[in-house]
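In what follows, a structure is listed as structure tokens, so that the remarks can point back to it.
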Amino acid sequence: MKTLSLGLVVMITATQPLYADGTQQAMEAFMTSQIMPWASDPVLIAAIEAQNTTTSSYDQAEIDMLDQLWRGYAASGDGDLINKVLQNAAADFLRAQVSKSGGAITEIFIMDARGLNVAASSVTSDYWQGDEAKFQETYQVGPTAVHFGDVELDDSTQQVQGQVSMTMTDHDTGQPIGAMTIGINLTSLM
């Protein structure tokens, strides 16, 4: 774990812009102390690996169709595809981490090697993350890649939030298998 953490710190430092207000440093510290201890839990890795077996043959047309299907049901939070992502052991694990964070984590979701949602603590706006930086700058970069998203004021909560994403790896080979994104309530960190 120490080797992985050191690798993450080196990758973070080398690839991310620095925020003058200490936001990135707070997110890095939170990630190291609160996310890394559970980020490679076997239930998450097993869920990603299982879905990779199913989705590895999907072409872009099928991915686009599934993403449109998800978007159509996202407002209601219902539908077979959404239920599959929200009602599994990995999703239960992610919701437990959100709950344990005391409001510091707003959402968590994991993606497979195609950038498709595997499990989520709550409904995401889309199913396919493969066209977004949270996937492209983690999974596609390598096993120690971390991406910090833009910091934004959430209109509904009036809280400053940001996302940190990281590559998920196979325990045995160390090879990338997917990615994870964590929404962080920065108001609780500062």
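The values are calculated or read from the model by the stated rules, or taken from the named source; none is laboratory data. Values in this document were obtained by computation on a predicted structure and should not be read as measured data. No Cβ is skipped: glycine too gets one built from the backbone with ideal geometry, and neighbour counts run over all protein chains shown. Areas reflect the complete protein model, heavy atoms only, side chains present, ligands, DNA and RNA absent. Shrake-Rupley method; radii C 1.70, N 1.55, O 1.52, S 1.80 Å.
In deg cm²/dmol and to the nearest 500, what is the mean residue ellipticity at 222 nm of the chain if only DSSP H runs of at least 4 residues count, each as -39500 (n - 2.57), divided by the residue total? Write down the numbers at each step before the final one.
Working: 7 runs with 74 residues, N = 190.
Result for the chain, helices only: -11500 deg cm²/dmol.
Give me a comma-separated list of calculated 3J(HN,Hα) values for the range 43-53, in order, Karplus coefficients 6.51, -1.76, 1.60 applied at θ = phi - 60°, integers in Hz, x for any Gly or Pro.
Along the range 43-53, the couplings run 5, 6, 4, 4, 5, 5, 4, 5, 5, 4, 4 Hz.
Accessible area of the chain with a 1.4 Å probe: how many percent of it is carbon plus sulfur?
On the way: 4810 of 9050 Å².
The C+S portion of the solvent-accessible surface of the chain is 53 percent.
If I model a spin label as a point 7 Å beyond the Cα along the Cα-Cβ vector, how far apart are those points for Ser40 and Thr187 in nm?
3.5 nm
Whole number in Å², please: accessible area per residue of the chain, 1.4 Å probe, ligands, DNA and RNA not counted. Before the final figure, lay out the partial values.
Details: 9050 Å² over 190 residues.
I get 48 Å² per residue for this part.
According to a simple spin-label model (label point 7 Å from Cα along Cα-to-Cβ), what is the distance in nm between Ala89 and Leu69?
My value for the distance between the label points is 2.5 nm.
Classify the range 67-112: rounded, prolate or oblate, from the alpha-carbon gyration tensor (a ≥ b ≥ c, eigenvalue square roots; a/c under 1.5 rounded; otherwise prolate if a/b is larger than b/c)? Walk me through the intermediate numbers first.
Values: a/c = 2.39, a/b = 1.89, b/c = 1.26.
Prolate shape, in that a/c is at least 1.5 and a/b is the bigger ratio.
Quick check: pseudo-label points 7 Å beyond the Cα along Cα→Cβ at Ser122 and Ala50, how many nm apart are they?
2.5 nm
Net charge within 11 Å of Gly178 by Cβ-Cβ distance, Lys/Arg positive one each and Asp/Glu negative one each, not counting Gly178 itself?
Numbers: positive: Arg114; negative: Glu49, Asp112, Asp170.
Net local charge, Gly178 excluded: -2.
Only one of the listed values, (1) 51, 37, 29; (2) 53, 42, 29; (3) 42, 41, 27, was derived from the coordinates as Cα extents along the principal axes in Å; which label is it?
Only one listed value fits the structure, namely (3).
What residue among Pro37, Pro143, Pro176 shows peak mean-square fluctuation when the chain is described by a Gaussian network model with Cα springs under 10 Å?
Sorting by GNM fluctuation, first place goes to Pro37.
What is the local net charge at Tyr139, summed over the other residues whose Cβ is closer than 14 Å to its Cβ (Lys, Arg +1; Asp, Glu -1)? Each step should come with its number before you reach the end.
Working: positive: Arg114, Lys134; negative: Glu49, Asp112, Asp131, Glu132, Glu137, Asp170.
Local net charge: -4.
Please compute the length gained on full extension between Glu62 and Val151, using 0.36 nm multiplied by the number of residues separating them and subtracting their Cα-Cα distance. Don't skip to the end; give the middle numbers.
On the way: separation 89, 0.36 × 89 = 32.04 nm, distance 3.21 nm.
Working it through step by step, the gained length comes to 28.8 nm.
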